[in-house]
Structure formats: structure tokens, C-alpha cells
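Quick notes on the structure that follows.
The values are calculated or read from the model by the stated rules, or taken from the named source; none is laboratory data. Just so it is clear, the model here is predicted, and its values are computed rather than measured. Note that we place each Cβ from the backbone using ideal geometry, even for glycine, and neighbour counts take in every protein chain shown. Note: accessible area is taken over every heavy atom of the protein model, side chains too, but ligands, DNA and RNA are not part of it. Shrake-Rupley method; radii C 1.70, N 1.55, O 1.52, S 1.80 Å.
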Amino acid sequence: MSSIRDILVDLGYENICDHGKEYRMRPIYRESSNNTSLQVNKKNGYFTDYSANIKGSLTDLIKRTLKVGFHKAKKWISQKNINLE
């Protein structure tokens, strides 16, 4: 079974920092020099991009990162065998 961290790595995120209940990293779907601008909850994948003032579900983050629609994002995540709380 995949973890949220596994999903982030599969999406192409690097330098993922563990901050207790969340992961912090640089967003790869836009230009950024801030290595902690993107926060992702470890349990449910809910994300917040503080610099861009964007929030959403793990599916929203997948859509944004892969530049795909909702159905392709759901299909991508369904293939990862992940159980979100």
C-alpha cells in the first residue's frame, strides 16, 4: 500500500521535509524558490500552497501537478493502492 510520501515521490516531488503531521516541499507545478511553500497533510493528502494561496485535496494536487483533468487524476491515484483517512 502506498503512503502519501510515496505518492508525492511518484509525482516527482523531491526534498520532501517531514514536519510532524505534514510534509513540506517546493511545488513543482509552478515556479518557486521556497522549499517549504507546499504543505501536504500526511493522513489525507490535503495540501496548502502558502505562496500561491491554493488549497485542495490530494486529487486536486495530482491534477495540478500532472496537468490532467479530474477523471485522469482519480484513475492515477486509484492505481496507487492508497487508503486516505
Exercise. Among ILE7, ILE62, which is part of a helix (DSSP H, G or I), open to solvent by less than 50 Å² (accessible area, probe 1.4 Å), touching a Lys or Arg at 6+ places or on another chain (Cβ under 8 Å) and touching a residue at least 40 places away in the same chain (Cβ under 8 Å)?
Worked result: ILE7
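Just to verify a result, which residue in segment 11-56, among those that are acidic (Asp, Glu) and either at pLDDT 95 or above or more than 26 Å from GLN79 (Cα to Cα) (or both), is most open to solvent (accessible area, probe 1.4 Å)? Spell out the reasoning first.
Keep residues of segment 11-56 that are acidic (Asp, Glu), which gives 14, 18, 22, 31, 49.
Applying the additional criterion that residues be either at pLDDT 95 or above or more than 26 Å from GLN79 (Cα to Cα) (or both) yields 18, 22, 31, 49.
Values: ASP18: 101, GLU22: 43, GLU31: 171, ASP49: 0 Å².
Top of the filtered list is GLU31.
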Exercise. Taking only pairs six or more apart or across chains, which ones have beta-carbon atoms under 8 Å, a first residue in segment 29-48 that is over 15 Å from ILE62 (Cβ atoms), and a second residue that is open to solvent by less than 30 Å² (accessible area, probe 1.4 Å) and part of a loop (DSSP other than H, G, I, E, B)?
Worked result: SER37/PRO27
Seminar exercise, completed: Reported set for segment 26-40 where residues are under 9 Å from the mean Cα position of the chain (by Cα) and either assigned to a loop (DSSP other than H, G, I, E, B) or not polar (S, T, N, Q) (or both) is PRO27, LEU38, VAL40
Seminar exercise, completed: Considering residues that are farther than 16 Å from SER3 by Cα, part of a loop (DSSP other than H, G, I, E, B) and either in contact with a Pro (Cβ under 9 Å, 6 or more places away or on another chain) or in contact (Cβ under 8 Å) with a residue 24 or more places away in the chain (or both), the number found within segment 65-85 is 1
For this session: Would you mind telling me which numbered condition in (1) open to solvent by less than 70 Å² (accessible area, probe 1.4 Å); (2) out of contact with any helix residue (DSSP H, G or I) (no Cβ under 8 Å at 6 or more places or on another chain) HIS71 fails?
Result: (1)
For this session: Would you point out which residue out of SER37, SER51 is polar (S, T, N, Q), out of contact with any Pro (no Cβ under 7 Å at 6 or more places or on another chain) and closer than 16 Å to TYR13 by Cβ?
Result: SER51
